[in-house]
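Inspection log for the structure reproduced underneath, given as structure tokens.
The values are calculated or read from the model by the stated rules, or taken from the named source; none is laboratory data. Owing to the predicted nature of the structure, the values given are computational and were not obtained by experimental measurement. Here the Cβ positions follow ideal geometry from the backbone for every residue, glycine too, while neighbour counts run over all protein chains shown.
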């Protein structure tokens, strides 16, 4: 990279009033043909392009994005990164990603601000305790650094949580993964874009895919708002819009696209130094480096592409936040927004070939795709380059919905007696 | 939040209803005769349409009746509601 | 300092009631009617805070919600303090304590200001480019970044205030009580629309309220006087509700709006207590009229951020409304006519105006002529190129603009001043319109985005719709309202309006300086410290879209959400990139309009109202008998009943032993109960359960497993045939509502031909379960008339009975493996029935037991708990319950899925029993099971689902799911724990009474 970022380059550029910084990425006109095209310029798509170029020497490739890179779920999520998943397949996938996260700023020469401040998952009933302990045992044997904390240890790690036994759903304990944390979402998209661009990848923004041209069982190219582009390999990483692309080739996917909302408070001085997640009462909170409380709300149950959800969901989330953190009652919501998440029935993603030759899908990440970004990109690049999945994503094929071999990460079903 | 015109109760706030996904996916009468692929198609595969979608809603906190809604998923505008078993008023 | 800058002419300030307040520890005085900002200004205090990044001194800039700088911490009490509150919106009250934020040790001397010297090193987004070496130091860098970021401080104790929600339905909602909003509200209410008018200020009237100028007259009165009469007339309208101090926070689709009403924030400290602080109104309006007005824009030039630099219209409000002089030597800098209104107001109040610096060549409007007549000096075609003064502006530097406006020419002039009013034109407040999904259009001649298309039944009127002239505001509003409401209101037909028309327009987004841009600091986003240079840097680096630039530079992301900065950012981007502004689009305005308190969003749903608590009719008895409770869904279930100093283990051991040795009693009321009736009830059960139901005799009970359509176990329970076409189904406690929902779904949508009716009767019956070898004797005492012989009343059967003439249903069913009965009785009799059974059982030492003992007892028998031993991935075959799958039935929910390639594998994880080699060692539920501990990675073959120490077997027992477990009986395996490995052996799932003798004991 000719324009390496560092404190020295900042000093050097300060003398010229920062007038000599180069473009982070070019703004190329699409070529007539590429070796491969990635549809979707979010984190996953850009990472896929980066690893195709870096590890598989495929440099004549393009990322096409209908809006602006990183403008979808990448720039809208609450940036939680963890790998303490239950099943071996998921643990393998997400920990692969986590390991890449640990060196990503240096790999990209772009500070993605991966901050390993730990992620804590709370238990609020006895079945939660069983489920989380089960997960912790599985994590340990899979080499993932999750530990069980009792209520006092939870309180010690995050003193502002209300651990009183008198609240409606008291905290009975929790798990902690210290290597987990958060990152700066925009930086991930921009860092991958800059690094991919430097290797020759064309990033084409404002280019919407209108159709996929097929010849029998194979793909031949894409019709876009910037014209037809020829290619033999298409990787679709379109998140909430995956089905829209799939419908162009009459492919049905096991996906539903639903609104997911999030919100931030006004910025305050450091008050919570970790990420706390509570599935049972639906509250996820961390504090950004800027000082805003970053709060993830739930999904609505209906399909919608509006990037807006219902107010009930936000109200329900803040209700849970105040249950666990009554000190936040006088904090103020600064901004709320929505994204469109594509959800698989088993809450696990699809990183897979399809029955159409040269057409690959990376989708179904639901509410938790951000954490997988580097791993997902790496494995999807492998799948596209070799026309075969890597062993870490072999279980995440589309065929699992036919065979029944799901990777069910919903956790235990209902609470029951 | 939407206002949904329940065909049995009239216009109510969305919070009274629960969504039931794509409509008109009929449970096969003879599941045993389907291939694994065909069964998966019924179980999991969805059009997940961006645009006019025919979908099911349940007046869960009201009359508990299921009915169909025609809604544009790109702007959440509801075009019609109709009872289960009725022909859609719009094609 | 502490000069008194109050003039005595404002009727909105009650100079008879003096209010004392504290700012940064110093006691100051203001009057009722003041805001914190106006009171500070009256005390000659401009410097109130430090900026986010460079810690530059910042002062009050505006007078409303767009204030970017005067953001203070209110209160010092750990539970009641509030960060990031706009001084311009805090109504002054007795006892108010406020302090500056983001400065240490004080706002006057702030260590963080050192950042300002490093500012050349820290342009926009510098942090993406550095802090990467050495790699593991990020944590340390970040620690300091976090410490210096943030603004105010979060409370550290729970809020003592109360918040509330109310629903409101109206025909017409009018947002904004300025001149056009008043006209709208009056028109709507007079024409029989049920109307709600809200305004975020404590008084209606908007900016017209203090507009007393010869150039703005209606029917020969000053516009403020005319409007006051209109407001007075509103009182007589029956259909009109007016809410002041109510701020519209969010405008969602389907005309669903949220508005926050402040109820106590303006009250004296000692009057606030025990009152509702804020109320969130959830409004459904048939029609919405937005009349939210416009905001004045700043001007972007070098060092435009010093304390004392304020929006020109705010200076006008402070003098005309609050009676406060913002300075004693005020200069004004403008690109439009409105600064002249300020100049005239100041002049009329005896404040000297140095000069007006106007970037335009000329203006021949009425108002400018009036200013000239008053002798106000005007520098046409000039710009301010720099300002001086650190903690307060003390002078400005002025130069002549070149003809094309891109550079400055001539000699620099210096003008001393203690306040500079700036006006860059007006921005319609279109936030609510865009929140609702409306699309904007761009008007070139004065560079404004205006409401265009909307799907909802709404209009925007007045200056938020781009009508800035008094005659346009009134006439266009009247026409729009009439059309929108389909009425013909002629109240306003013959208004005679005098309005100063602004004809000459000129706009320069980034004003030129005599220095190169890199050496200047023209601030765009004052709170986040982003400058025009930052925006240009972003563009240079290839960030083209407004969203990218916003995120890269953080412009518009501060607590004011870019109210003052967005337009200039867009303008500079458009100009630099050579694009038309209309084509560039805007960033999305997201709710809320102004920051909204979490407490208000949540309302009363806190503490004990966080969620419904369901209690059984016998709950009080359990509580009285020292029960510990477990949350199961929304239910409170008795978990165990410790006696004396018993811990949970000791209590459970005692309870479990008593239940097997003599008698135990359990409150099973929480189990879901669904009443199923209709001529097709049997067929319905055939379709929803895996086993067959047609042949179940009347009066008999049967256990059923319900699957999901994907073949996985969903729920289970015993169903009783009450009569030919009548069944009573029981479900798990947590699954009850979902099971009913699912059954209704199938019934209504897939099988409407079936004659079946489902009713939830969970809450209608209390269920008392008595088990143990003496249960029969106890029941015969409770219901002497009932024949309890095994022949008459065998296991898995049911009888109607009477207890004290109260009807009840008795089922002889067992979840413990003991001889056992469940009595269902109308809820209201539940507790007396329980007490009666308890009394009858006393001679047999009947022991109440909770859910923990229930779990232990059923585990001894190998009975599963859906949700504990299953996790949504277990089929009945996996549970070794092949017997429950009817081979004869053509179909049932989930059947087809049992024959998929993965579900027919015979090495799936299967339910087994586990015994530890050391009988005292109790396994941890959730622990993993392996065969091989040496080879890495360790292959996990399954996990422990249930585990207890059985007092009846005097050893530990466990249930587990293990890969291929069915075939592994007797296999030694390992449970690797953190510090040790436990040796286990796979066994049968039934540990006790394999022959089921106890059922009939």
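Is it the case that some residue within segment B:21-36 is part of a strand (DSSP E or B) and within 14 Å of chain A (Cβ to nearest Cβ)? There is at least one residue in segment B:21-36 that is part of a strand (DSSP E or B) and within 14 Å of chain A (Cβ to nearest Cβ). Going residue by residue through segment A:394-405, is there one that turns out to be more than 21 Å from the chain's Cα centre (by Cα), in contact (Cβ under 8 Å) with a residue 60 or more places away in the chain and buried (at least 20 other Cβ atoms within 10 Å of the Cβ)? Yes, because at least one residue in segment A:394-405 is more than 21 Å from the chain's Cα centre (by Cα), in contact (Cβ under 8 Å) with a residue 60 or more places away in the chain and buried (at least 20 other Cβ atoms within 10 Å of the Cβ). Reported count of residues in segment A:235-259, each being touching a strand residue (DSSP E or B) at 6+ places or on another chain (Cβ under 6 Å) and either over 21 Å from residue A:369 (Cβ atoms) or at pLDDT below 95 (or both), is 2. Working only within segment A:293-318, note down all residues that are in contact with a helix residue (DSSP H, G or I) (Cβ under 8 Å, 6 or more places away or on another chain) and either closer than 15 Å to residue A:77 by Cα or surrounded by 22 or more Cβ atoms within 10 Å (Cβ to Cβ) (or both). Within segment A:293-318, A:293, A:295, A:296, A:297, A:298, A:299, A:305, A:310, A:314, A:318 meet the criteria. Are any residues in segment C:550-579 in a loop (DSSP other than H, G, I, E, B) and free of Cβ contacts under 8 Å to residues at least 24 places away in the same chain, and if so, which ones? If the condition is that a residue be in a loop (DSSP other than H, G, I, E, B) and free of Cβ contacts under 8 Å to residues at least 24 places away in the same chain, then C:578, C:579 are the ones that fit. All of A:92, A:41, A:70 fail the test of being at pLDDT 95 or above, in contact with a helix residue (DSSP H, G or I) (Cβ under 6 Å, 6 or more places away or on another chain) and within 14 Å of chain C (Cβ to nearest Cβ), apart from A:70. Taking the criterion of being at the interface with another protein chain (Cβ under 9 Å from one of its Cβ atoms), in a loop (DSSP other than H, G, I, E, B) and surrounded by 16 or more Cβ atoms within 10 Å (Cβ to Cβ), the residues of segment B:37-63 that qualify are B:44, B:45, B:47, B:48, B:49, B:50, B:60.
Note on segment C:591-607: among residues that are part of a loop (DSSP other than H, G, I, E, B) and in contact with a helix residue (DSSP H, G or I) (Cβ under 7 Å, 6 or more places away or on another chain), the one that is farthest from the other protein chains (Cβ to nearest Cβ) is C:593.
If you check C:743, C:747, C:707, which single one turns out to be at pLDDT 95 or above, within 27 Å of residue C:873 (Cα to Cα) and within 14 Å of chain A (Cβ to nearest Cβ)?
Answer to the check: C:707.
So that you can scan it fast, the table gives a plain yes or no per residue for (1) within 14 Å of chain A (Cβ to nearest Cβ); (2) part of a helix (DSSP H, G or I):
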site	(1), (2)
C:829	no, yes
C:852	yes, yes
C:856	yes, yes
C:893	no, no
C:910	no, no
C:915	no, no
C:929	yes, no
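For every residue, the table says whether it meets (1) without any contact (Cβ under 8 Å) to a residue 12 or more places away in the chain; (2) surrounded by 12 or more Cβ atoms within 10 Å (Cβ to Cβ); (3) not assigned by TED's automatic domain parsing to the domain that holds residue C:821.
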{"residue": "C:957", "(1), (2), (3)": "no, yes, yes"}
{"residue": "C:963", "(1), (2), (3)": "no, yes, yes"}
{"residue": "C:966", "(1), (2), (3)": "no, yes, yes"}
{"residue": "C:970", "(1), (2), (3)": "no, no, yes"}
{"residue": "C:975", "(1), (2), (3)": "no, yes, yes"}
{"residue": "C:978", "(1), (2), (3)": "yes, no, yes"}
{"residue": "C:983", "(1), (2), (3)": "no, yes, yes"}
{"residue": "C:989", "(1), (2), (3)": "no, yes, yes"}
{"residue": "C:995", "(1), (2), (3)": "yes, no, yes"}
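May I ask you to say which residue of C:823, C:770, C:813, C:783 is under 14 Å from residue C:659 (Cα atoms), buried (at least 19 other Cβ atoms within 10 Å of the Cβ) and in contact (Cβ under 8 Å) with a residue 12 or more places away in the chain? Only one candidate qualifies: C:770. Here residue A:137 meets the list (1) within 9 Å of chain C (Cβ to nearest Cβ); (2) surrounded by fewer than 23 Cβ atoms within 10 Å (Cβ to Cβ); (3) free of Cβ contacts under 8 Å to residues at least 24 places away in the same chain almost entirely, failing just condition (2). Among the strands (runs of 3 or more DSSP E) confined to segment C:235-348, the ones with at least 1 residues that are touching a strand residue (DSSP E or B) at 6+ places or on another chain (Cβ under 8 Å) and more than 21 Å from residue C:90 (Cα to Cα) are located at C:240-243, C:246-252, C:256-262, C:276-290, C:329-334.
Hey, which of the strands (runs of 3 or more DSSP E) in segment C:634-732, taking only ones fully inside, have at least 3 residues that are surrounded by 19 or more Cβ atoms within 10 Å (Cβ to Cβ) and touching a residue at least 60 places away in the same chain (Cβ under 8 Å)? Counting at least 3 such residues, we get C:635-640, C:664-667, C:672-677, C:701-707, C:713-723.
Screening residue C:437 against (1) modelled with pLDDT of 95 or more; (2) surrounded by 13 or more Cβ atoms within 10 Å (Cβ to Cβ) leaves a single unmet condition, (1).
Taking segment A:221-272 as the range and being more than 25 Å from residue A:381 (Cβ to Cβ), within 14 Å of chain B (Cβ to nearest Cβ) and within 18 Å of the chain's Cα centre (by Cα) as the test, the residues that pass are A:256, A:258, A:259, A:261.
Among what's in segment B:79-91 and is over 12 Å from the mean Cα position of the chain (by Cα) and touching a residue at least 12 places away in the same chain (Cβ under 8 Å), pick the residue that is nearest to residue C:254 (Cα to Cα).
B:79
Applying the condition of being out of contact with any helix residue (DSSP H, G or I) (no Cβ under 8 Å at 6 or more places or on another chain) and in a loop (DSSP other than H, G, I, E, B) to segment C:762-793 and asking which residue is nearest to residue C:827 (Cα to Cα) yields C:783. Taking the stated definitions as given, is residue C:743 farther than 30 Å from residue C:903 by Cβ and surrounded by 20 or more Cβ atoms within 10 Å (Cβ to Cβ)? Considered against the rule, which asks whether it is farther than 30 Å from residue C:903 by Cβ and surrounded by 20 or more Cβ atoms within 10 Å (Cβ to Cβ), residue C:743 comes out as no. Considering only residues that are within 18 Å of residue C:452 (Cβ to Cβ) and either in a loop (DSSP other than H, G, I, E, B) or out of contact with any strand residue (DSSP E or B) (no Cβ under 7 Å at 6 or more places or on another chain) (or both), which ones fall in segment C:480-495? Selection gives C:483 alone. Considering only residues in segment A:1-38 that are buried (at least 19 other Cβ atoms within 10 Å of the Cβ), within 14 Å of chain C (Cβ to nearest Cβ) and in contact (Cβ under 8 Å) with a residue 60 or more places away in the chain, the one that is farthest from residue A:111 (Cα to Cα) turns out to be A:25.
Taking segment A:116-130 as the range and being at the interface with another protein chain (Cβ under 7 Å from one of its Cβ atoms) and crowded, with 24+ Cβ neighbours inside 10 Å as the test, only A:127 passes. Scan A:353, A:332 and give me the residue that is away from every other protein chain (no Cβ under 14 Å) and touching a residue at least 24 places away in the same chain (Cβ under 8 Å). Selected residue: A:353, the only one of A:353, A:332 that is away from every other protein chain (no Cβ under 14 Å) and touching a residue at least 24 places away in the same chain (Cβ under 8 Å). Being more than 10 Å from chain A (Cβ to nearest Cβ), at pLDDT below 95 and either outside any helix (DSSP H, G or I) or surrounded by fewer than 22 Cβ atoms within 10 Å (Cβ to Cβ) (or both) is the requirement here; does residue C:842 meet it? Considered against the rule, which asks whether it is more than 10 Å from chain A (Cβ to nearest Cβ), at pLDDT below 95 and either outside any helix (DSSP H, G or I) or surrounded by fewer than 22 Cβ atoms within 10 Å (Cβ to Cβ) (or both), residue C:842 comes out as no.
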